[in-house]
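K.L.:
Below is one structure. I have some questions about it.
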Amino acid sequence: MYYFLSLFSIFCILFSGCSSSVEIRYFSIGKIFSAPTSAKPAVLHSLVIENFQSSFSLKREEIILRDGKTRQISLSSHALWWGMPEEMVSEALRDYLSEQKVFEHVFSYPTFHRIPYYLEGTLKKFEIETFSSEWKACVALEVTLIEKESNKILWNSGLLESSVSSAPQLQDSVEKMGQALQEIFGKIAQEIPKHFPKKE
C-alpha cells in the first residue's frame, strides 16, 4: 500500500509540473518607417528581395542575449521572435524600400514578375547585449545587388552594423532593434541608387 501511495504521489508531482503553464511572449520588430524624401521613385526599376540568409546560430526564434562583459550567450526560451530573424529582416527591408519610394516596385521572392534585379542579403548579427545599466540592440547585415540574367554583382554593401542603447529590459530592447534596422536600411536606401543601372 505504501509503495502504491508513493508512486501515486510521484505521479501527482510530475503531472502538476507538466501541467503548469509558462507564459511565452512573442515579439516582432514592428513597422520601420520614415517619411519618403520624394514622391517619385529614385530608381526607375523594380527590385526583388531574396529570402535573406543567416548563420546557423541565428536561425532560431529564441531571442539571443549576450552578456556584455563575458560575451556568453543565453537564449530567452520564454520570449520568442514571431518568425525567423532573417525572414523578418528581409520583409522589413522590402516594406521600407517600398515606402521610401526607392524603386518603382519592390517584391519578395518568389514572384511571377520578370524582374532582372535582385537584392540578396545575409544577416550577420541579431542579438541583445546586456549590461548592468543598459542593454543594446545589435544588428549586422550585408546585402548584394545582382543583375540576375548575367549574375553580375552591381553593388555590395559590405558589413553594415548598428547598435542602439535601451533600458535594461527586454521590451525596450526589442523596440530599439527596429531603430537599429532603420539606421541600416537608411544607408541601403541612400547608397543603392548610385550603383543601379539608369533606365534608358
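K.L.:
Which order results if Phe196, Phe126 are arranged by neighbouring Cβ count within 10 Å, fewest first?
P.N.:
With the sparsest Cβ surroundings first, the list reads Phe196, Phe126.
K.L.:
Please compare each pair in Lys136/Lys194; Lys124/Lys176; Lys31/Lys152; Lys59/Lys152; Lys59/Lys194; Lys31/Lys136 to a cut-off of 23 Å on the Cα-Cα distance and tell me which ones are over it.
P.N.:
Over 23 Å apart, Cα to Cα: Lys136/Lys194; Lys31/Lys152; Lys59/Lys152; Lys59/Lys194.
K.L.:
Can you sort Leu97, Leu58 from fewest to most other Cβ atoms within 10 Å of each residue's own Cβ?
P.N.:
Leu58, Leu97
K.L.:
Right, here's the next one. Amide H to amide H, which residues 5 or more places from Tyr117 or on other chains are under 5 Å from it, using H placed in the peptide plane?
P.N.:
Correct list: Val48, Lys148.
K.L.:
While we're looking at this one, here's another question. Taking a cut-off of 18 Å, what percent of all Cα-Cα pairs in the range 42-195 are separated by more than that?
P.N.:
Distances greater than 18 Å cover 58 percent of the Cα pairs.
K.L.:
Further question: Step through the residues of the range 65-73 one at a time and calculate ³J(HN,Hα) from phi using the Karplus curve (6.51 cos²θ - 1.76 cosθ + 1.60, θ = phi - 60°), rounding each to whole Hz and writing x for Gly and Pro.
P.N.:
10, 10, 5, x, 9, 7, 6, 6, 9
K.L.:
Starting at the first residue of the range 162-179, write each ³J(HN,Hα) from the Karplus equation 6.51 cos²θ - 1.76 cosθ + 1.60 with θ = phi - 60°, in whole Hz, x for Gly and Pro.
P.N.:
7, 9, 10, 6, 9, 5, x, 7, 5, 4, 5, 5, 5, 5, 6, 4, x, 5
Every number in this text was worked out from the coordinates using simple rules, so none of it is lab data. None of the values given here were measured: they were computed from a predicted structure. Methodologically, a virtual Cβ is constructed for each residue, glycine included, from the backbone with ideal geometry; neighbour enumeration extends over all protein chains shown.
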